[in-house]
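Novice: Below: one structure in structure tokens.
The values are calculated or read from the model by the stated rules, or taken from the named source; none is laboratory data. All values reported here derive from a predicted model rather than from experimental measurement. Cβ placement follows ideal geometry from the backbone for every residue including glycine, while neighbour counts extend to all protein chains displayed.
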Amino acid sequence: MHERERIESALCAYMANDNAVPVLNESMAYSLLDGGKRIRPYLLLLVNAMLGGSETVAMPFACALEMVHCYSLIHDDLPAMDNDAMRRGKPSNHVRFGEANAILAGDGLLTKAAVVLLSQDGFDDAKRAIIDGAYAMVSGQSDDLNLTERSAETLHRIHLNKTGALFRAACMAGAYLSDASKAEEMRAFGETLGLLFQMTDDLLDEEKDRLEGKLTYVTFYGREETKAFIADAYNRAEAILAPYTGEAAMTLRNLVQSLRSRTY
């Protein structure tokens, strides 16, 4: 079974054992088990494997990270935030269950992530990396929502947190679960990968972002300079992975390449 399939199986098990009231369980599962790309938990497992860690130990941390990510998507889609009616090819949580239930579903997933982390013995640094990542993500979202200055510094700060925080958390947690001496190196890798992901997003969403007046790499720098930034981020990520060998390292290189060239 592939890592992504094992992630799906583990997430399903967590929801099957959930004791929430039916509508809360259903709305949480609707967004958590909807076939997302699972990039962040996959990244955590790959870094953990590359550094010699155990997938059995790492899987709960990967699932908690995905719960945090899915909670953020539910809240991002709300009318008070991005007001998006569709998510991953189906109605957003608030469209399907109503705004109040969607807010509670997000609250439930964030809290469940904490419960999963606290249920694991030891690895406090890995737990802290995920919790710190969740908080930094919210900080970046707030920074973006209350934007007052359109500058290169502001743009970089927002996306280093809003998007990059969970990539950073994935890589740092993966290191703390396997070889803590590599945590700072994996921090740099995660932040670089998060920016690569965001800048590619900005290319894909250029027309929509311009119409909405959003501050993105493309609306601030233009397409060609953004492409140059993407190439630089790709090269930096590749350089960090260069010393590593083995199947997990090769898969990570393929993941970096897929994020650079994605069209979705």
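Novice: Taking the condition touching a residue at least 40 places away in the same chain (Cβ under 8 Å), under 25 Å from LYS227 (Cβ atoms) and part of a helix (DSSP H, G or I), does LEU160 pass?
Specialist: When the stated conditions are applied, LEU160 does not pass them.
Novice: Same structure, new question: Within segment 199-206, is even one residue closer than 24 Å to PRO60 by Cα and more than 17 Å from the chain's Cα centre (by Cα)?
Specialist: There is no residue in segment 199-206 that is closer than 24 Å to PRO60 by Cα and more than 17 Å from the chain's Cα centre (by Cα).
Table: residues versus (1) farther than 18 Å from PHE167 by Cα; (2) part of a helix (DSSP H, G or I); (3) acidic (Asp, Glu); (4) in contact (Cβ under 8 Å) with a residue 40 or more places away in the chain.
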site	(1), (2), (3), (4)
GLU207	yes, yes, yes, no
ARG210	yes, yes, no, no
THR219	yes, yes, no, no
THR226	yes, yes, no, no
ILE230	no, yes, no, no
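Novice: Now for a different question. Within segment 214-234, is there a residue that is over 29 Å from LEU145 (Cα atoms) and among the aromatic types (Phe, Trp, Tyr)?
Specialist: Checking segment 214-234: not a single residue is over 29 Å from LEU145 (Cα atoms) and among the aromatic types (Phe, Trp, Tyr).
Novice: Find the helices (runs of 4 or more DSSP H) located wholly in segment 52-127 whose residues include 3 or more that are within 17 Å of the chain's Cα centre (by Cα), and list them.
Specialist: Ranges flagged: 55-76, 99-118.
Novice: Looking only at segment 115-161, which residues are of a type in the set (D, E, K, R) and either over 26 Å from TYR14 (Cβ atoms) or surrounded by fewer than 18 Cβ atoms within 10 Å (Cβ to Cβ) (or both)?
Specialist: ASP121, ASP124, ASP125, ARG128, ASP132, ASP143, ASP144, GLU149, ARG150, GLU153, ARG157
Novice: I need a count of the residues in segment 175-205 that are assigned to a helix (DSSP H, G or I), more than 26 Å from ARG150 (Cα to Cα) and of a type outside the set (Ser, Thr, Tyr).
Specialist: 9
Novice: Would it be correct to say that TYR71 is at pLDDT 95 or above, among the aromatic types (Phe, Trp, Tyr), surrounded by 15 or more Cβ atoms within 10 Å (Cβ to Cβ) and over 21 Å from VAL138 (Cα atoms)?
Specialist: It is false that TYR71 is at pLDDT 95 or above, among the aromatic types (Phe, Trp, Tyr), surrounded by 15 or more Cβ atoms within 10 Å (Cβ to Cβ) and over 21 Å from VAL138 (Cα atoms).
Novice: I would also like to ask the following. Among the residues of segment 223-262, how many are of a type in the set (Gly, Ala, Ser) and at pLDDT below 95?
Specialist: 2
Novice: Filter segment 207-225 down to the residues that are more than 20 Å from the chain's Cα centre (by Cα) and aromatic (Phe, Trp, Tyr) and list them by number.
Specialist: Hits for segment 207-225 are PHE220, TYR221.
Novice: Check LYS37 against each of (1) assigned to a helix (DSSP H, G or I); (2) within 27 Å of SER92 (Cβ to Cβ); (3) out of contact with any Cys (no Cβ under 7 Å at 6 or more places or on another chain) and name the one condition it does not meet.
Specialist: Every listed condition holds for LYS37 apart from (1).
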